[in-house]
1. Under a 5 Å amide H to amide H cut-off, with H placed in plane at 1.01 Å, what residues pair with A:Lys26 once short-range neighbours are removed?
2. Would you mind calculating the relative contact order of chain A from Cα pairs under 8 angstrom and at least 6 residues apart, reporting the percent as a whole number?
3. State, in angstrom, two size descriptors of chain A derived from its alpha carbons: Rg to one decimal place and Dmax to the nearest whole number.
4. Using a 10 Å cut-off on Cβ to Cβ distances, tally the other chain neighbours for every residue of A:30-39 and report the average as a whole number.
5. Calculate the radius of gyration of the Cα atoms of segment A:1-43 to one decimal place, then report Dmax, the largest Cα-Cα distance, as a whole number, both in Å.
6. Residues of B:52-62, mean number of Cβ from any other protein chain within 10 Å of their own Cβ, rounded to a whole number?
7. Per residue of B:41-49, how many C-beta atoms from partner chains lie within 10 Å of its own C-beta, taken as a mean?
8. Please name whichever of A:Ala36, A:Gly61, B:Leu28 sits farthest to the positive end of the charge dipole of the protein assembly as shown, dipole taken about the Cα centre and charges placed at Cβ: Lys and Arg +1, Asp and Glu -1.
Number of protein chains: 2
Amino acid sequence: MAKISSPTETERCIESLIAVFQKYMKFLSFMNTELAAFTKNQKDPGVLDHMMKKLDTNRDGQLDFSEFLNLIGGLAMACHDSFLKAVPSQKRT
Amino acid sequence: MAKISSPTETERCIESLIAVFQKYMKFLSFMNTELAAFTKNQKDPGVLDHMMKKLDTNRDGQLDFSEFLNLIGGLAMACHDSFLKAVPSQKRT
């Protein structure tokens, strides 16, 4: 019987992103729960509305998975940039 | 003293993506380790070269973090699409 290996860190991340997306029906509840620290740190009270408008590229008032991934990607880039300022970057070849 | 809450699933994912990116200096070693199941399933032996060419948008022969996120995003979209075929999708509002 084929041996089923446990998921790698990357596979687990992809599974989690799908699970989190499925869990939160509302952008606001996602931001106030999963990214509460980020959300509370924002000085501009309208920041979530601005973000939703920018992310909702097809203007249907909803975040589909592709738009949700753009949100995660943007946050990951911001985290990575601040990580690089603390630690010199290594490039992949 | 401010209470430090444990990271949410989304925060942990973003941390993991940065850690995995930092860990693998070579695209091929990443694909053969973190995405071994995906890589082994590919019939076309040239698939990794095609992927690298497509991902390496600035043509510097390396995957920077933004290009890496595009890879993860593409894989997550494919996983999510097959997930939707199995389970009807719910949209966020």
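1. For A:Lys26, the qualifying residues are B:Thr93.
2. Answer for chain A is 18 percent.
3. When restricted to Cα atoms, chain A yields Rg and Dmax of 16.3, 57 Å.
4. Mean partner-chain Cβ count within 10 Å for A:30-39: 3.
5. Values for segment A:1-43 (Cα only, Rg and Dmax): 15.2, 56 Å.
6. Averaged over the peptide's residues, the number is 1.
7. Mean inter-chain Cβ contacts per residue within 10 Å come to 0.
8. Sorting the options by dipole projection puts first A:Ala36.
Bear in mind these aren't lab numbers, they're just calculated from the coordinates by the rules spelled out. The shown structure was predicted, so the numbers you read here are calculated from the model rather than taken from an experiment. Counting neighbours? That spans all protein chains shown, and the Cβs are built from the backbone with ideal geometry, glycine included.
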